[in-house]
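Presented below is the structure to which this report refers.
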(Lines give C-alpha, C1' and ligand atoms only; values in the text may rest on other atoms or scores of the structure.)
Protein backbone atom coordinates (compact mmCIF):
# COMPACT_ATOMS: atom_id res chain seq x y z
CA UNK A 1 0.00 0.00 0.00
CA UNK A 2 1.38 3.46 -0.89
CA UNK A 3 2.18 5.86 1.97
CA UNK A 4 -0.37 8.65 2.32
CA UNK A 5 2.10 11.42 1.46
CA UNK A 6 3.27 9.63 -1.67
CA UNK A 7 -0.31 8.95 -2.80
CA UNK A 8 -1.25 12.58 -2.21
CA UNK A 9 1.76 13.70 -4.24
CA UNK A 10 0.84 11.42 -7.13
CA UNK A 11 -2.74 12.73 -7.15
CA UNK A 12 -1.50 16.31 -7.15
CA UNK A 13 0.93 15.58 -9.99
CA UNK A 14 -1.81 13.90 -12.00
CA UNK A 15 -4.09 16.89 -11.46
CA UNK A 16 -1.37 19.26 -12.67
CA UNK A 17 -0.71 17.18 -15.80
CA UNK A 18 -4.43 16.78 -16.52
CA UNK A 19 -5.01 20.48 -16.02
CA UNK A 20 -2.16 21.34 -18.35
CA UNK A 21 -3.49 18.92 -20.98
CA UNK A 22 -7.00 20.35 -20.81
CA UNK A 23 -5.65 23.89 -20.96
CA UNK A 24 -3.56 23.00 -24.00
CA UNK A 25 -6.57 21.38 -25.67
CA UNK A 26 -8.72 24.43 -24.96
CA UNK A 27 -5.98 26.70 -26.27
CA UNK A 28 -5.69 24.64 -29.47
CA UNK A 29 -9.44 24.80 -30.01
CA UNK A 30 -9.54 28.57 -29.53
CA UNK A 31 -6.72 29.31 -31.97
CA UNK A 32 -9.11 29.11 -34.94
CA UNK A 33 -10.90 32.40 -35.71
CA UNK A 34 -14.00 32.92 -37.84
CA UNK A 35 -14.84 36.09 -39.79
CA UNK A 36 -18.29 36.39 -41.40
CA UNK A 37 -18.84 39.22 -43.91
CA UNK A 38 -15.82 41.05 -42.52
CA UNK A 39 -16.90 40.81 -38.86
CA UNK A 40 -15.10 38.56 -36.33
CA UNK A 41 -17.46 36.07 -34.67
CA UNK A 42 -17.32 35.12 -31.00
CA UNK A 43 -18.74 31.76 -29.91
CA UNK A 44 -19.66 30.59 -26.40
CA UNK A 45 -18.14 27.25 -27.45
CA UNK A 46 -14.82 27.93 -29.25
CA UNK A 47 -14.35 26.45 -32.74
CA UNK A 48 -12.83 22.97 -32.77
CA UNK A 49 -10.58 21.56 -35.47
CA UNK A 50 -11.05 17.83 -36.08
CA UNK A 51 -9.86 15.70 -39.01
CA UNK A 52 -8.74 18.85 -40.81
CA UNK A 53 -12.19 20.47 -40.54
CA UNK A 54 -13.37 23.39 -38.39
CA UNK A 55 -16.54 22.83 -36.33
CA UNK A 56 -18.60 25.60 -34.74
CA UNK A 57 -21.86 25.79 -32.72
CA UNK A 58 -24.70 25.36 -35.19
CA UNK A 59 -26.69 28.51 -34.41
CA UNK A 60 -23.53 30.62 -34.41
CA UNK A 61 -22.98 30.04 -38.12
CA UNK A 62 -26.50 29.39 -39.45
CA UNK A 63 -28.01 32.54 -37.97
CA UNK A 64 -25.09 34.77 -39.01
CA UNK A 65 -25.68 33.62 -42.57
CA UNK A 66 -29.36 34.58 -42.43
CA UNK A 67 -30.84 31.14 -41.81
CA UNK A 68 -33.37 30.00 -39.21
CA UNK A 69 -32.67 26.72 -37.41
CA UNK A 70 -34.90 24.01 -35.92
CA UNK A 71 -33.19 21.35 -33.78
CA UNK A 72 -35.08 18.23 -32.71
CA UNK A 73 -33.59 15.08 -31.19
CA UNK A 74 -30.36 15.21 -33.18
CA UNK A 75 -31.95 16.44 -36.42
CA UNK A 76 -30.89 19.89 -37.69
CA UNK A 77 -33.07 21.69 -40.24
CA UNK A 78 -32.21 25.16 -41.53
CA UNK A 79 -33.91 27.50 -44.01
CA UNK A 80 -32.41 30.66 -45.45
CA UNK A 81 -31.20 32.46 -48.58
CA UNK A 82 -33.63 30.39 -50.64
CA UNK A 83 -31.97 27.15 -49.50
CA UNK A 84 -32.77 24.31 -47.15
CA UNK A 85 -30.18 22.24 -45.29
CA UNK A 86 -30.74 19.17 -43.11
CA UNK A 87 -28.10 17.37 -41.02
CA UNK A 88 -28.10 14.80 -38.22
CA UNK A 89 -25.78 14.30 -35.28
CA UNK A 90 -23.24 11.55 -36.02
CA UNK A 91 -24.23 11.15 -39.68
CA UNK A 92 -22.25 12.16 -42.78
CA UNK A 93 -25.40 12.15 -44.90
CA UNK A 94 -27.13 15.50 -45.35
CA UNK A 95 -29.82 17.02 -47.54
CA UNK A 96 -29.38 20.28 -49.45
CA UNK A 97 -32.39 21.65 -51.33
CA UNK A 98 -33.98 18.20 -51.22
CA UNK A 99 -30.92 16.43 -52.67
CA UNK A 100 -28.95 13.86 -50.65
CA UNK A 101 -25.26 14.78 -50.30
CA UNK A 102 -22.43 13.43 -48.18
CA UNK A 103 -19.98 15.17 -45.88
CA UNK A 104 -16.55 13.79 -44.99
CA UNK A 105 -17.19 14.65 -41.31
CA UNK A 106 -20.33 14.48 -39.17
CA UNK A 107 -21.85 16.93 -36.65
CA UNK A 108 -21.21 15.99 -33.02
CA UNK A 109 -21.98 17.09 -29.46
CA UNK A 110 -19.71 18.81 -26.94
CA UNK A 111 -21.66 18.92 -23.72
CA UNK A 112 -24.94 20.65 -24.54
CA UNK A 113 -23.56 22.25 -27.71
CA UNK A 114 -24.10 20.88 -31.24
CA UNK A 115 -21.08 21.47 -33.47
CA UNK A 116 -21.36 21.40 -37.26
CA UNK A 117 -18.70 21.44 -40.04
CA UNK A 118 -18.30 25.11 -40.88
CA UNK A 119 -17.30 24.82 -44.55
CA UNK A 120 -20.13 22.46 -45.46
CA UNK A 121 -22.80 24.57 -43.77
CA UNK A 122 -21.53 27.85 -45.22
CA UNK A 123 -21.29 26.53 -48.78
CA UNK A 124 -24.68 24.79 -48.52
CA UNK A 125 -26.16 28.21 -47.70
CA UNK A 126 -24.50 29.78 -50.74
CA UNK A 127 -21.57 31.44 -48.96
CA UNK A 128 -17.94 31.48 -50.08
CA UNK A 129 -15.29 30.12 -47.71
CA UNK A 130 -11.55 30.81 -47.52
CA UNK A 131 -8.98 29.53 -45.03
CA UNK A 132 -5.92 31.61 -44.14
CA UNK A 133 -3.07 29.44 -42.85
CA UNK A 134 -1.05 32.48 -41.80
CA UNK A 135 -3.50 33.53 -39.07
CA UNK A 136 -5.63 30.35 -38.68
CA UNK A 137 -8.76 32.23 -39.73
CA UNK A 138 -11.80 31.10 -41.70
CA UNK A 139 -13.26 33.89 -43.85
CA UNK A 140 -16.91 33.48 -44.86
CA UNK A 141 -18.68 35.77 -47.31
CA UNK A 142 -22.44 35.42 -47.62
CA UNK A 143 -24.44 35.94 -50.79
CA UNK A 144 -24.42 39.60 -51.86
CA UNK A 145 -21.49 40.55 -49.60
CA UNK A 146 -18.02 41.68 -50.62
CA UNK A 147 -15.07 39.53 -49.62
CA UNK A 148 -12.34 41.19 -47.53
CA UNK A 149 -9.14 41.80 -49.43
CA UNK A 150 -6.42 39.17 -49.03
CA UNK A 151 -2.72 39.65 -49.84
CA UNK A 152 -2.03 38.63 -53.45
CA UNK A 153 0.79 36.31 -54.48
CA UNK A 154 2.35 37.66 -57.67
CA UNK A 155 4.98 34.88 -57.79
CA UNK A 156 2.47 32.02 -58.02
CA UNK A 157 2.16 30.19 -61.35
CA UNK A 158 0.85 26.98 -62.90
CA UNK A 159 3.11 24.19 -64.20
CA UNK A 160 2.62 21.28 -66.60
CA UNK A 161 -0.65 22.66 -67.97
CA UNK A 162 -2.54 20.28 -70.27
CA UNK A 163 -3.71 20.83 -72.93
CA UNK A 164 -1.13 23.47 -73.76
CA UNK A 165 -1.68 24.05 -77.49
CA UNK A 166 -4.24 22.82 -80.05
CA UNK A 167 -6.26 19.64 -79.45
CA UNK A 168 -8.79 17.86 -81.62
CA UNK A 169 -11.59 17.17 -79.19
CA UNK A 170 -14.33 19.21 -77.57
CA UNK A 171 -14.08 17.39 -74.22
CA UNK A 172 -10.44 17.63 -73.13
CA UNK A 173 -8.87 16.45 -69.87
CA UNK A 174 -7.44 19.48 -68.03
CA UNK A 175 -4.46 19.27 -65.68
CA UNK A 176 -2.03 21.63 -63.96
CA UNK A 177 0.42 21.63 -61.05
CA UNK A 178 0.92 24.51 -58.62
CA UNK A 179 4.24 26.33 -58.19
CA UNK A 180 3.75 26.20 -54.41
CA UNK A 181 1.58 24.35 -51.94
CA UNK A 182 -2.00 25.60 -51.83
CA UNK A 183 -4.98 25.30 -49.53
CA UNK A 184 -6.80 22.74 -51.66
CA UNK A 185 -10.20 23.59 -50.13
CA UNK A 186 -9.90 27.10 -51.57
CA UNK A 187 -9.22 26.10 -55.19
CA UNK A 188 -11.80 27.20 -57.75
CA UNK A 189 -11.57 26.30 -61.46
CA UNK A 190 -13.53 27.76 -64.35
CA UNK A 191 -13.54 27.18 -68.11
CA UNK A 192 -14.46 30.24 -70.19
CA UNK A 193 -16.01 31.77 -67.06
CA UNK A 194 -18.12 28.69 -66.14
CA UNK A 195 -17.33 27.25 -62.70
CA UNK A 196 -16.41 23.53 -62.89
CA UNK A 197 -15.04 23.16 -59.34
CA UNK A 198 -17.59 20.51 -58.39
CA UNK A 199 -16.05 18.21 -61.02
CA UNK A 200 -12.43 18.86 -60.03
CA UNK A 201 -10.27 16.42 -58.09
CA UNK A 202 -7.17 17.91 -56.51
CA UNK A 203 -4.53 17.91 -53.83
CA UNK A 204 -2.29 20.66 -52.53
CA UNK A 205 0.06 20.28 -55.52
CA UNK A 206 -2.28 20.18 -58.54
CA UNK A 207 -5.65 19.29 -60.03
CA UNK A 208 -7.42 17.38 -62.81
CA UNK A 209 -10.85 17.76 -64.41
CA UNK A 210 -12.59 16.78 -67.63
CA UNK A 211 -14.63 19.54 -69.22
CA UNK A 212 -18.18 18.71 -68.01
CA UNK A 213 -19.71 20.31 -71.10
CA UNK A 214 -18.66 20.24 -74.78
CA UNK A 215 -16.46 23.13 -75.84
CA UNK A 216 -16.82 24.92 -79.14
CA UNK A 217 -14.12 25.07 -81.80
CA UNK A 218 -11.79 27.92 -80.93
CA UNK A 219 -9.73 29.34 -78.08
CA UNK A 220 -10.54 28.64 -74.42
CA UNK A 221 -9.27 29.94 -71.10
CA UNK A 222 -8.96 28.01 -67.84
CA UNK A 223 -8.85 30.17 -64.70
CA UNK A 224 -7.61 28.84 -61.36
CA UNK A 225 -7.97 30.83 -58.13
CA UNK A 226 -7.50 30.16 -54.44
CA UNK A 227 -5.15 30.71 -51.53
CA UNK A 228 -1.73 29.28 -50.78
CA UNK A 229 -1.00 27.57 -47.49
CA UNK A 230 0.85 30.75 -46.52
CA UNK A 231 -2.48 32.60 -46.78
CA UNK A 232 -1.98 34.69 -49.94
CA UNK A 233 -4.42 34.65 -52.85
CA UNK A 234 -3.59 33.62 -56.40
CA UNK A 235 -5.22 33.81 -59.82
CA UNK A 236 -3.57 31.91 -62.68
CA UNK A 237 -5.05 31.33 -66.18
CA UNK A 238 -3.90 29.47 -69.28
CA UNK A 239 -5.38 29.02 -72.74
CA UNK A 240 -5.62 26.36 -75.44
CA UNK A 241 -7.47 25.81 -78.74
CA UNK A 242 -9.92 23.09 -79.77
CA UNK A 243 -10.65 21.89 -83.29
CA UNK A 244 -12.81 19.19 -84.84
CA UNK A 245 -11.03 15.95 -85.60
CA UNK A 246 -11.58 13.08 -83.14
CA UNK A 247 -14.36 10.75 -82.04
CA UNK A 248 -15.94 11.55 -78.69
CA UNK A 249 -14.99 9.20 -75.86
CA UNK A 250 -17.41 7.26 -73.65
CA UNK A 251 -17.59 5.18 -70.44
CA UNK A 252 -20.14 2.36 -70.33
CA UNK A 253 -21.19 -0.67 -68.32
CA UNK A 254 -19.52 0.31 -65.04
CA UNK A 255 -19.64 -2.48 -62.45
CA UNK A 256 -20.43 -2.55 -59.60
CA UNK A 257 -23.33 -0.26 -60.44
CA UNK A 258 -23.79 3.04 -58.59
CA UNK A 259 -25.31 2.64 -55.14
CA UNK A 260 -24.06 -0.92 -54.68
CA UNK A 261 -22.48 -2.01 -51.41
CA UNK A 262 -18.76 -2.76 -51.64
CA UNK A 263 -16.04 -3.83 -49.22
CA UNK A 264 -12.56 -2.45 -48.64
CA UNK A 265 -11.41 -4.35 -51.73
CA UNK A 266 -13.41 -4.70 -54.95
CA UNK A 267 -12.88 -4.70 -58.72
CA UNK A 268 -14.18 -1.87 -60.89
CA UNK A 269 -14.74 -2.70 -64.56
CA UNK A 270 -16.23 -1.04 -67.60
CA UNK A 271 -15.82 -0.22 -71.28
CA UNK A 272 -14.46 2.87 -73.05
CA UNK A 273 -12.92 3.91 -76.37
CA UNK A 274 -10.27 1.29 -77.26
CA UNK A 275 -6.70 2.29 -76.41
CA UNK A 276 -7.76 4.91 -73.86
CA UNK A 277 -5.80 5.60 -70.68
CA UNK A 278 -8.15 5.16 -67.74
CA UNK A 279 -7.35 7.06 -64.53
CA UNK A 280 -9.23 5.80 -61.47
CA UNK A 281 -9.41 7.71 -58.18
CA UNK A 282 -11.23 6.31 -55.14
CA UNK A 283 -11.70 7.63 -51.62
CA UNK A 284 -13.32 6.06 -48.57
CA UNK A 285 -15.20 9.28 -47.85
CA UNK A 286 -17.74 10.89 -50.17
CA UNK A 287 -16.88 14.51 -50.86
CA UNK A 288 -18.49 17.45 -49.15
CA UNK A 289 -21.22 19.48 -50.85
CA UNK A 290 -20.14 22.21 -53.23
CA UNK A 291 -16.42 21.53 -53.07
CA UNK A 292 -13.79 19.78 -55.13
CA UNK A 293 -12.90 16.14 -54.59
CA UNK A 294 -9.99 16.00 -52.15
CA UNK A 295 -7.08 13.76 -53.13
CA UNK A 296 -5.02 13.14 -50.02
CA UNK A 297 -3.69 10.46 -47.69
CA UNK A 298 -5.63 7.22 -48.06
CA UNK A 299 -6.86 7.98 -51.59
CA UNK A 300 -6.50 5.19 -54.15
CA UNK A 301 -5.20 6.19 -57.60
CA UNK A 302 -4.11 4.11 -60.58
CA UNK A 303 -3.79 4.30 -64.38
CA UNK A 304 -4.69 1.38 -66.65
CA UNK A 305 -5.12 1.01 -70.43
CA UNK A 306 -8.27 -0.16 -72.18
CA UNK A 307 -7.73 -3.10 -74.51
CA UNK A 308 -8.57 -3.43 -78.19
CA UNK A 309 -12.20 -4.06 -77.25
CA UNK A 310 -12.25 -1.06 -74.87
CA UNK A 311 -12.60 -3.21 -71.74
CA UNK A 312 -10.78 -2.17 -68.54
CA UNK A 313 -10.61 -3.64 -65.04
CA UNK A 314 -9.14 -2.12 -61.86
CA UNK A 315 -8.71 -3.87 -58.47
CA UNK A 316 -9.41 -1.19 -55.82
CA UNK A 317 -8.22 -1.48 -52.22
CA UNK A 318 -9.19 1.09 -49.58
CA UNK A 319 -9.30 1.47 -45.82
CA UNK A 320 -13.09 1.90 -46.04
CA UNK A 321 -15.26 2.08 -42.93
CA UNK A 322 -18.40 -0.04 -42.71
CA UNK A 323 -21.53 2.10 -42.93
CA UNK A 324 -19.77 4.82 -44.92
CA UNK A 325 -19.36 5.63 -48.59
CA UNK A 326 -16.77 5.23 -51.34
CA UNK A 327 -16.58 7.74 -54.16
CA UNK A 328 -14.87 6.71 -57.40
CA UNK A 329 -13.90 8.95 -60.31
CA UNK A 330 -13.19 7.26 -63.65
CA UNK A 331 -11.50 9.44 -66.27
CA UNK A 332 -10.83 7.99 -69.72
CA UNK A 333 -8.54 9.82 -72.16
CA UNK A 334 -8.36 8.47 -75.72
CA UNK A 335 -5.12 8.63 -77.77
CA UNK A 336 -6.67 11.61 -79.59
CA UNK A 337 -7.09 13.48 -76.26
CA UNK A 338 -10.89 13.05 -76.13
CA UNK A 339 -11.77 12.70 -72.46
CA UNK A 340 -14.81 11.58 -70.49
CA UNK A 341 -15.30 11.44 -66.75
CA UNK A 342 -17.81 9.55 -64.61
CA UNK A 343 -18.32 9.57 -60.84
CA UNK A 344 -19.84 6.70 -58.88
CA UNK A 345 -20.71 6.53 -55.15
CA UNK A 346 -20.94 3.19 -53.32
CA UNK A 347 -22.02 2.21 -49.82
CA UNK A 348 -19.73 0.21 -47.51
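The values are calculated or read from the model by the stated rules, or taken from the named source; none is laboratory data. All values reported here derive from a predicted model rather than from experimental measurement. FYI the Cβ positions are ideal-geometry reconstructions off the backbone, even for glycines, and counts take in every protein chain you see.
A few comments on the model shown:
- Selection within region 210-251 - within 19 Å of the chain's Cα centre (by Cα), at negative phi and either assigned by TED's automatic domain parsing to the domain that holds residue 336 or crowded, with 18+ Cβ neighbours inside 10 Å (or both): 210, 211, 224, 227, 228, 233, 234
- Any hit, region 234-243, residues being modelled with pLDDT of 85 or more and outside any strand (DSSP E or B): yes
- For region 78-129, the set of residues classified as part of a strand (DSSP E or B), buried (at least 17 other Cβ atoms within 10 Å of the Cβ) and at pLDDT below 85 consists of 80, 96, 101, 102, 113, 129, listed by residue number.
- Unmet requirement for residue 169, which otherwise passes all of (1) crowded, with 20+ Cβ neighbours inside 10 Å; (2) in contact with a helix residue (DSSP H, G or I) (Cβ under 7 Å, 6 or more places away or on another chain); (3) under 21 Å from residue 331 (Cβ atoms): (2)
- Filter result for residue 260 (surrounded by fewer than 17 Cβ atoms within 10 Å (Cβ to Cβ) and at pLDDT 90 or above): yes
- Qualifying positions in region 290-316 - part of a loop (DSSP other than H, G, I, E, B) and modelled with pLDDT under 90: 290, 291, 292, 295, 296, 297, 298, 299
Table: residues versus (1) closer than 24 Å to residue 138 by Cα; (2) touching a residue at least 60 places away in the same chain (Cβ under 8 Å); (3) outside any strand (DSSP E or B).
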{"position": "154", "(1), (2), (3)": "yes, no, yes"}
{"position": "198", "(1), (2), (3)": "yes, yes, yes"}
{"position": "208", "(1), (2), (3)": "no, yes, no"}
{"position": "212", "(1), (2), (3)": "no, yes, yes"}
{"position": "219", "(1), (2), (3)": "no, no, no"}
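- Restricting attention to region 21-43 and to residues that are modelled with pLDDT of 80 or more and in contact with a strand residue (DSSP E or B) (Cβ under 8 Å, 6 or more places away or on another chain), the residue that is farthest from residue 135 (Cα to Cα) turns out to be 43.
- With respect to the conditions (1) loosely packed, with under 14 Cβ neighbours inside 10 Å; (2) modelled with pLDDT under 80, residue 155 falls short on a single one, namely (2).
To keep it simple, each residue is scored yes or no on (1) over 29 Å from residue 178 (Cβ atoms); (2) at pLDDT 90 or above; (3) not assigned by TED's automatic domain parsing to the domain that holds residue 215.
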position: 264; (1), (2), (3): yes, no, yes
position: 273; (1), (2), (3): yes, yes, yes
position: 276; (1), (2), (3): no, yes, yes
position: 318; (1), (2), (3): no, no, yes
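- Of the strands (runs of 3 or more DSSP E) that lie entirely inside region 31-76, those containing 2 or more residues that are without any contact (Cβ under 8 Å) to a residue 24 or more places away in the chain, surrounded by fewer than 14 Cβ atoms within 10 Å (Cβ to Cβ) and over 21 Å from the mean Cα position of the chain (by Cα) span 68-72.
- Scanning region 252-263 for residues that are at positive phi and outside any loop (DSSP other than H, G, I, E, B) yields a single hit, 253.
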